[in-house]
Amino acid sequence: MRLSELLTPAQVKIDLESTGKSALFEEMVELFLNSGLIHDRQAAVQALAEREAKMSTGIARWIGLPHGKLKEAEGILLAIGISHKGIEYDSLDGAPVYVVIMVFAPVGKPGPHIAALAEISRLFSIPGFTERIRAAKTATELLRLIKDEE
């Protein structure tokens, strides 16, 4: 799976304003709404909150990976946000999150969802990749960094 094929500049926000998790979910869901990829804000935020209640998706140094399943999703939906201030996220390591990768998948189709999460894990385990993504100044630059590593 190629993440670069799932992303457009409209699904990238370089300067997230949120400082907490619930505001972050609202802010990132807005990217999907504005792109016309989803229409039900409440269902999207609820899917994220339900998944987050099971265990924090603050999975690794500086990275948040909120994800959920949506009935209206026709395929894997992806957005990426960068915070320069850091987001209090209740991460497993206790550190703030600076890079947020949000994923929505269709209900009842676990294969693509798992493949997307595996590719995200692979990319962000490349030494220095998180730092390069975090330093991106534009959506185009961030997308190029992803494409160069795929």
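Quick notes on this one:
- Checked against (1) surrounded by 21 or more Cβ atoms within 10 Å (Cβ to Cβ); (2) in contact with a helix residue (DSSP H, G or I) (Cβ under 8 Å, 6 or more places away or on another chain); (3) touching a residue at least 40 places away in the same chain (Cβ under 8 Å), residue 69 passes all but condition (1).
- Filter pass, residue 76 being buried (at least 21 other Cβ atoms within 10 Å of the Cβ), hydrophobic (A, V, I, L, M, F, W, C), in contact with a helix residue (DSSP H, G or I) (Cβ under 9 Å, 6 or more places away or on another chain) and farther than 25 Å from residue 135 by Cβ: yes
- Those residues of segment 117-150 which are among the β-branched types (Val, Ile, Thr), under 14 Å from residue 4 (Cα atoms) and surrounded by fewer than 14 Cβ atoms within 10 Å (Cβ to Cβ), in sequence order: 140
- Condition met for residue 90 (assigned to a loop (DSSP other than H, G, I, E, B), touching a residue at least 24 places away in the same chain (Cβ under 8 Å), closer than 25 Å to residue 150 by Cα and not polar (S, T, N, Q)): no
- Qualifying position, being closer than 20 Å to residue 1 by Cα, within 15 Å of the chain's Cα centre (by Cα) and surrounded by 13 or more Cβ atoms within 10 Å (Cβ to Cβ), among 114, 59, 101: 101
- Near pairs, Cβ below 7 angstrom, 6+ apart or cross-chain, from segment 93-113 (over 17 Å from residue 38 (Cβ atoms)) to any residue that is of a type in the set (Gly, Ala, Ser) and not in a strand (DSSP E or B): 97/91
- Any hit, segment 82-91, residues being at pLDDT 95 or above and either surrounded by 15 or more Cβ atoms within 10 Å (Cβ to Cβ) or not acidic (Asp, Glu) (or both): yes
- Residues (part of a helix (DSSP H, G or I), free of Cβ contacts under 8 Å to residues at least 12 places away in the same chain and farther than 27 Å from residue 70 by Cβ) located in segment 114-150: 131, 135, 141, 144, 148
- Qualifying residues in segment 40-65 (those that are assigned to a loop (DSSP other than H, G, I, E, B) and modelled with pLDDT under 95) - the one farthest from residue 141 (Cα to Cα): 55
- Residue 11 satisfies every condition listed in (1) of a type in the set (S, T, N, Q); (2) in contact with a Leu (Cβ under 6 Å, 6 or more places away or on another chain); (3) at pLDDT below 95 except (3).
- Scanning segment 7-36 for residues that are closer than 15 Å to residue 67 by Cα and either charged (D, E, K, R) or in a loop (DSSP other than H, G, I, E, B) (or both) turns up 21, 26, 27, 30.
The values are calculated or read from the model by the stated rules, or taken from the named source; none is laboratory data. These numbers were taken from a predicted model, which means no experiment stands behind them. Don't worry about glycine lacking a Cβ; one is built from the backbone with ideal geometry, like all the others, and counts go over all protein chains shown.
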